[in-house]
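The values are calculated or read from the model by the stated rules, or taken from the named source; none is laboratory data. Everything numeric here is computed off the predicted structure, so don't read it as measured data. Using ideal geometry, Cβ is built from the backbone for each residue, glycine included, and neighbour counts are taken over all protein chains shown.
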Amino acid sequence: MGVDRVQTDVVILITKLSPCPSVTSVVNRLLKPLAVIFDVDGVLVDSYDAHLRSWLMTAQELGVAYTEDDFIEGFGRTSREIIERSFGISDDEERIRGIDDRKEALYREIVAGDFPAMDGAVQLIDSLTASGFTLAMGSSGPPENLELALERLNRREAFSAVVSGRDVQRGKPDPEVFLLAAARLGVPPERCVVIEDAPAGIQAAQAGGMACVALLSRGRRASDFAVLQPNLVVRSLREMSPRQIQSLLDDD
């Protein structure tokens with residue numbers, strides 16, 4: 001008897017023993033998993049102020065002109081790309097790495113005292129895991145920042161894969177970060193939903209063949225995503241539910 005036949009028989013048996021829709025939904029998710037890949041900054045962590053302050057402090061130390069508009073333009077990109085584009089430094093690998101490390105250390109100092117978890121983040125994570133979704137983080141940030149988020153959200157066990165900017169060669173809008181997250185989860189891209197707050201991240205999800213949700217975090221407007229046409233646009237994580245997220249993939 002083939003594995004698929006055995007799995008089908010198990011689902012039928014469990015459904016008969018426990019016809020509760022939530023139980024059936026979880027079992028189906030185990031056999032045909034769905035994944036949600038979260039961006040971190042502006043999605044799980046309300047990090048706008050901390051990142052802006054740390055970039056401004058870094059630019060001031062270097063004597064480089066840098067504005068909030070520059071900051072917004074860099075959403076979704078790796079620190080290296082921001083340093084090259086906004087600071088004009090591209091030919092000194094050691095210096096770029098030093099600037100990157102300094103900036104991110106400043107960021108972690110700022111958020112360490114009062115960690116700004118995004119409103120509704122923990123609740124959404126819990127509801128998705130209870131419904132059988134597989135979760136991952138996919139961020140352009142360094143692993144130390146993701147580790148801090150996992151620790152302060154106190155939901156480390158909920159995430160089966162974590163991909164940082166150090167794991168990839170190309171930042172968003174290239175889909176590498178999300179494709180790697182899906183591969184580590186063992187879930188095909190067409191069974192993944194990405195939650196992002198930056199146009200570059202939405203482009204990356206779409207380029208990877210994934211459904212996507214645009215979260216209008218601070219500094220974002222619906223018009224920023226009008227041309228990209230994500231599957232869903234929300235103003236708060238509290239607007240989303242497992243059923244709603246599953247509906248984005250129901251046609252697959």
>> Among (1) surrounded by fewer than 20 Cβ atoms within 10 Å (Cβ to Cβ); (2) in a loop (DSSP other than H, G, I, E, B); (3) not acidic (D, E), there is one condition R238 misses while meeting the rest; what is its number?
In response: (2)
> Applying the selection to segment 44-86, what residues are closer than 20 Å to R235 by Cα, of a type in the set (A, V, I, L, M) and part of a loop (DSSP other than H, G, I, E, B)?
Replying inline: L44
>> Take the residues in segment 184-202 that are surrounded by fewer than 24 Cβ atoms within 10 Å (Cβ to Cβ) and without any contact (Cβ under 8 Å) to a residue 60 or more places away in the chain; name whichever of them is nearest to T78 (Cα to Cα).
In response: R184
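A quick yes/no check of all residues on (1) surrounded by fewer than 21 Cβ atoms within 10 Å (Cβ to Cβ); (2) among the acidic types (D, E):
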residue	(1), (2)
F38	no, no
D46	yes, yes
R53	yes, no
R80	yes, no
S86	yes, no
S90	yes, no
I96	yes, no
Y107	no, no
G113	yes, no
>> I'd like the full set of residues that are more than 15 Å from the chain's Cα centre (by Cα), without any contact (Cβ under 8 Å) to a residue 24 or more places away in the chain, part of a loop (DSSP other than H, G, I, E, B) and closer than 18 Å to F75 by Cβ, limited to segment 203-235.
In response: R221, A226, V227, R235
> Among the candidates A181, A158, which residue alone is under 12 Å from the mean Cα position of the chain (by Cα), farther than 20 Å from G74 by Cβ and at pLDDT 95 or above?
Replying inline: A181
